[in-house]
1. Multiplying the sequence separation of SER277 and THR317 by 0.36 nm and subtracting their Cα-Cα distance, what value in nm do you get?
2. Express in nm, to one decimal, how much length is gained between ALA74 and ASP327 on full extension, taking 0.36 nm for each residue of separation and deducting their alpha carbon distance.
3. Considering the dipole of the chain built from charges on the beta carbon (Lys and Arg +1, Asp and Glu -1) around the Cα centre, which of ALA165, SER287, LEU435 is farthest to its positive end?
4. Which distance in Å, rounded to a whole number, links the C-alpha centroids of the range 405-439 and the range 60-123?
5. Measuring with a 1.4 Å probe in the full set of protein chains, what accessible area per residue, in whole Å², belongs to the chain?
6. Let me make sure I get this right: for the chain, a, b and c are the square roots of the gyration tensor eigenvalues over alpha carbons, sorted descending. Under 1.5 in a/c it's rounded, otherwise prolate if a/b > b/c, else oblate. Which is it?
7. Counting helices only, and only those DSSP H runs with n ≥ 4, report the 222 nm mean residue ellipticity of the chain as the sum of -39,500 (n - 2.57) divided by its residues, in deg cm²/dmol to the nearest 500.
8. Put +1 on the Cβ of each Lys and Arg and -1 on the Cβ of each Asp and Glu in the chain; which of LEU225, GLN264, TYR144 then has its Cα farthest toward the positive end of the dipole?
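The values are calculated or read from the model by the stated rules, or taken from the named source; none is laboratory data. Predicted, not measured: the structure shown is a model, and the values here were computed from it. Here the Cβ is made from the backbone with ideal geometry for all residues, glycine too, and neighbour counts use every protein chain on show. Please note that ligands, DNA and RNA were not included when accessible areas were found on the heavy atoms of the full protein model with its side chains. Shrake-Rupley method; radii C 1.70, N 1.55, O 1.52, S 1.80 Å.
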Amino acid sequence: MKLREIYICALCGARSFQWKGQCPTCGEWNCLEPLQLKDGGRKSESLAPRAERLIRLAEASDFAGAVFSTGMEAFDRILGKGLVPGAAILVGGEPGIGKSTLLLQIAGSVAASGRRTIYLSGEEALSQIRSRAERLELLHDNLYAMASSQVEDIFPLIEGENAPALLILDSVQTLTSSRAEGLPGNVSQVRAVATEVVERCKKQHTAVVLVGHVTKEGHLAGPRLLEHMVDTVISLEGDRQQVFRLLRVLKNRFGPNQEMLIFQMMEQGLELVEDPSTYFLGARDASLSGTAVVMAVDGQRPLAVEIQSLVTKSHLTIPRRTGLGFDVNRLHLLLAVLEKRLRLSFAQADIYAKVGGGMRLMEPGMDLPLVAAILSSYYDIPLPERAVFWGEVDLNGQIRPVAGHVVREGQARRLGYHPVVCPAAGDGKRGFHTLKQMQQALFALPTG
Ligand code: TYD
Ligand code: MG
């Protein structure tokens, strides 16, 4: 067996024959890791089974009828219809965010439906898993668990008669494959563990969930590598200080992507928020100045979120600008636009702005509500109680349309918001073209 070493970028998966400090493809630093190819690199890494004969596509087996429920209706919906036999799902998220909890809950409910389910943990002792399952009332006859850090240990247990309907691997970074070199968690290990398990599960028509830890920066060890190997990529996000968790579908071969669910981390595990549309408004007091509601869209889903601002007299030489839950550059930019286009002066004002409910917004549609909240606090005049906003603001003070207008409008109507403050539409019936127009309309300023 000839050993040849190549280097692979842990972030973008690019290959290189030499070690370099910086990945030539994605430009990140210190991310190239050695990958040993034991058979000289010729082994095909494709997971598609080798075709033995040519068949009519219509005669190939499909699993449309064999899809089974996770026991969690909302989760089935975001997967497409449910779990597809042989499908591989990657669930990524920061440590402590609730991945093990979520998957134990899913394992428990699949087991409760009478399907054999195996939960393999490389990081927790069986007693720990058991006590958690017991507390969450998930112990069922069909729920099996195993604690091991060697991936080969599971192989005989997922073959033939014993093949479970669902296998959960928690996590790919804590398991070791004897076919790869190095410590668990490095790129070759993660790749070997994932490849071997996914290949076997495909053959046995076992649905498999791989749990992957991501760092604060959102990197999964070898993220791109794993994303190619699986059919569905899900990320569980949130702030450990907050109770809510966002579950996002980033890739899906079997159903819609860009779907999302909101959960709350409770004593009893993760609990689905049935109607997330106004969840982030919390206990908003609309009679105060400085608060605006944005109809944001996350993926496909419209979410009403509160945006707050506070404009106060500054006692500092350089006034403060603080933004929480969004990119603070957006605040700097909008303040410059307000100073120039509306001739306001913030030179003596400290300005704070935050997104309510601990949510993070990264969309251009929050410009207009942010401006409205700032102006509302500046004039100390509350915005109309049921007003809702979205729209992007240009450097020249124009209001620009943003994606998802129809979804936002439909949801605003459904929730009874009025007035709807958004970019002007073609028919000229509603909306504003410029910040000046919006300022005059909302704060009853004289025109001209
Ligand atoms: P966990 O699922 O272990 O996170 P991960 O697998 O992503 O690392 O969840 C960890 C946190 O969730 C832990 O700090 C405790 C909290 N938690 C609850 O609040 N309620 C529960 O019912 C459970 C099981 C966990
Ligand atoms: Mg865990």
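1. 10.2 nm
2. Contour length minus Cα-Cα distance gives 88.0 nm.
3. Comparing the listed Cα positions along the dipole, LEU435 ranks first.
4. 40
5. Here the residues of the chain average 49 Å² of exposed surface.
6. Note, shape of the chain comes out prolate.
7. -7000 deg cm²/dmol
8. Highest projection toward the positive end goes to LEU225.
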